[in-house]
Amino acid sequence: QVQLVESGGGLLVQPGGSLRLSCSASGSFFGIYTMGWYRQAPGKQRDLVATISSRSSTVYADSVKGRFTISRDNAKNTVYLQMNSLKPEDTAVYYCNLRVAGSEYWGQGSQVTVSS
């Protein structure tokens, strides 16, 4: 069983501001795994934000390229999402994701609200 615990969300941020989300993984998982962030705005589907492989290869959604940075600390089994130049359209619930050995796990979700 794998548990993902997110932190850093639940805040109101002004447009142009920054925020960092963290997600720590615990439990029984070994080997190569990919971690990432997805987000879901009200009434919309859950979409990819960014992923990072165990070798630190990254993938970003076009809408966040140049503004968001994903990173990971393998020693701590933790993934981070640094979000800069936030826009109102970034408002969503952000979910941490871990994929390993054909299984997929999700965090509890963190609300990010960007508004003046």
With all protein chains modelled, accessible area of residue 5 [1.4 Å, Å²]: 90
Hey, can you find the accessible area per residue of the chain for me, probe 1.4 Å, expressed in square angstrom? 53
How far apart, in nanometres, would the label points at residue 62 and residue 45 be if each is projected 7 angstrom from Cα along the Cα-to-Cβ direction? 1.6
Simple spin-label estimate for residue 54 and residue 76 in nanometres, 7 Å along Cα-Cβ: 2.1
Over the heavy atoms of residue 106, what accessible area does a 1.4 Å probe trace out, to the nearest 10 Å²? 90
For residue 108, put the label point 7 Å out on the Cα→Cβ axis and report which residues of region 1-20 keep their amide N under 13 Å from it. 3-10
Could you name the lysines whose alpha carbon sits less than 21 Å from that of residue 44, not counting residues in the same chain fewer than 8 places away? 65, 87
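The values are calculated or read from the model by the stated rules, or taken from the named source; none is laboratory data. Quick caveat: nothing in here was measured; it's all calculated off a predicted structure. Note that each Cβ is placed from the backbone with ideal geometry, even for glycine, and that neighbours are counted across all protein chains shown. Protein only, heavy atoms only, side chains kept; ligands, DNA and RNA dropped before computing areas. Shrake-Rupley method; radii C 1.70, N 1.55, O 1.52, S 1.80 Å.
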